[in-house]
């Protein structure tokens, strides 16, 4: 435990699969770790491995200099943190909330923390529970830089890469939401594609290598489209949105000819057609992003 | 031209940006190349570079052993190929149709070709016009293997990689449609994510590097999900679909709180909730693909 003697005592609130992985990583690294969960019994295996249990959330947070929260959403974290005795016990300590929710909820919680003398960092975990403690884990953080620097070594015990995205407390949740938006939409496209391929007699195993090729062309396009969007240019010289919609219409037609739900591609096509209807048909596809946000 | 003396005379029908690139690559490689377009004038620059013009489509196809077609869709290619004089001129020759459309249209055209003694290959071009003649070009082909092998050297003049996906004539179009499904759905997710990030004060340039990280985790998931789908297993042990939908709901809520159209993610969430409603909530997300195709 010589490498961790300077690290703070930590508390983990919430012992779902992710919370247990976080607490387990702290225990493995030799940090004094106190754990608590709203419904009892989830702490048993962690206590066997060396964690301390606690009879209440207030007892748990009083035992740690740094409290890491990982519950289902901010309704759940509010229900734990904003009880008077817990809030009192947190005064002068730091909370890192790794619960997933919206940027607005993160800002609201930061205000509550400021009102009660609690140090507050917000964070997001971008990788599944088994990644915790391994190089694959990806953590995003936001909030006061000095507070982050003070607890950085303890957080890095959780493995992987930790990125501080800035002082604005909503940034971790904003990146989290935006990245999950990309992820789940892309996965929906893939799920639909394998359903459509199967209906045409092509297995997912046959499609997968070429789908991986499509995934490989996304990163440079993401960069080009980011430049276009930030600069307000939307050149469609190589691939105007009018040509994209005819492809989208083919996907819908083939899909529905097999009785496969095409609601996602119908929505994608609808947004592209709205852009054309507004007179931007010669622009590139990224014009969609600008039109989506118009009021 | 010593390397191309064994290559056939080729004809290119359709001189949009893609057709011009294809014809240009044949000309550059020294193949005797005849070009034709429904509306006149598009052949001028190619003729200056050494291509032969033609007064009609039948004259054009009579000049080439191999005719490459690249027009807007199969309505357009039918209107050219299925006129009696053109069909007669094509007898004993080979058509490679690189026009994008549905697998059904490819099969229908193969039947027409068989009925009239025309050799027929169907293909798809997965990369934009400027890629033609470069290593970046990606071509998919399907149809009789011997016919493909006979014309392979001429097709490879177009650059990049050429993959013969099998004898079933609809396969090139099936892969094309399925891959474009993945591509445009993923791009829709990215366009939405940058709109959402902007509303929360994060630029696309800030988001892009992390979005590229998300694109990088897709290929191994595509492989795992393909195995799950083909084998009929849909394990959600690490990430059950019930946990995915709460993320999707966050994306919708943040998006709509800013007045940003969330129709695509609403459709993604709706499909996931249908899976849960059918009793598959503990399964992994790929269960969506199976439910999408249920009748």
Going through region A:96-109 one residue at a time, which ones are surrounded by fewer than 23 Cβ atoms within 10 Å (Cβ to Cβ) and free of Cβ contacts under 8 Å to residues at least 60 places away in the same chain? A:108
Please work out if residue A:117 is in a loop (DSSP other than H, G, I, E, B) and either more than 15 Å from the chain's Cα centre (by Cα) or over 20 Å from residue A:24 (Cα atoms) (or both). yes
Scanning region B:149-162 residue by residue, those surrounded by 16 or more Cβ atoms within 10 Å (Cβ to Cβ) and within 17 Å of residue B:122 (Cβ to Cβ) turn out to be B:150, B:151, B:154, B:155, B:158, B:162
By residue number, the members of region A:141-197 that are in a strand (DSSP E or B) and either in contact with a helix residue (DSSP H, G or I) (Cβ under 6 Å, 6 or more places away or on another chain) or free of Cβ contacts under 8 Å to residues at least 12 places away in the same chain (or both) are A:141, A:142, A:162, A:164
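Which is within 24 Å of residue A:177 (Cβ to Cβ) and more than 7 Å from chain A (Cβ to nearest Cβ), of B:221, B:165?
Going through B:221, B:165 in turn, just one is within 24 Å of residue A:177 (Cβ to Cβ) and more than 7 Å from chain A (Cβ to nearest Cβ): B:221.
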Options A:233, A:243; residue that is more than 7 Å from chain B (Cβ to nearest Cβ) and assigned to a loop (DSSP other than H, G, I, E, B): A:233
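Every residue, every condition in (1) modelled with pLDDT under 95; (2) more than 9 Å from chain B (Cβ to nearest Cβ), yes or no:
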{"site": "A:143", "(1), (2)": "no, yes"}
{"site": "A:161", "(1), (2)": "no, yes"}
{"site": "A:187", "(1), (2)": "no, no"}
{"site": "A:197", "(1), (2)": "no, no"}
{"site": "A:207", "(1), (2)": "no, no"}
{"site": "A:216", "(1), (2)": "yes, no"}
Those residues that are surrounded by fewer than 19 Cβ atoms within 10 Å (Cβ to Cβ), free of Cβ contacts under 8 Å to residues at least 12 places away in the same chain and under 16 Å from residue A:187 (Cβ atoms), I need them from region B:248-295; list them, please. B:270
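Got a number for residues in region B:45-75 being part of a loop (DSSP other than H, G, I, E, B) and farther than 17 Å from residue B:97 by Cβ?
Pass one, region B:45-75, residues part of a loop (DSSP other than H, G, I, E, B): B:50-51, B:53-56, B:63-65, B:70-73.
Subset that is farther than 17 Å from residue B:97 by Cβ: B:50-51, B:53-56, B:63.
Total meeting the criteria: 7.
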Candidates A:122, A:78, A:108, filtered to the one that is part of a helix (DSSP H, G or I) and either within 14 Å of chain B (Cβ to nearest Cβ) or at pLDDT below 95 (or both): A:108
Of (1) under 17 Å from residue B:10 (Cα atoms); (2) part of a helix (DSSP H, G or I), residue B:99 fails just (2)
Residue A:226: more than 26 Å from residue B:130 (Cβ to Cβ), buried (at least 16 other Cβ atoms within 10 Å of the Cβ) and at pLDDT 95 or above, yes or no? no
Taking residue B:137 as the residue in question, decide whether it is outside the structural domain of residue B:251 (by TED's automatic domain parsing) and either at pLDDT below 95 or closer than 16 Å to residue A:193 by Cβ (or both). no
Residues being facing chain A (nearest Cβ under 7 Å) and within 27 Å of the chain's Cα centre (by Cα): count how many of those fall in region B:256-289. 10
Does residue A:194 meet the test of being under 23 Å from the mean Cα position of the chain (by Cα) and crowded, with 17+ Cβ neighbours inside 10 Å? no
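The values are calculated or read from the model by the stated rules, or taken from the named source; none is laboratory data. Note that the coordinates shown come from a computational prediction; the quantities given were computed from them, not determined experimentally. Heads up, the Cβs are rebuilt from the backbone with ideal geometry, glycines too, and the neighbour counts pull from every protein chain shown.
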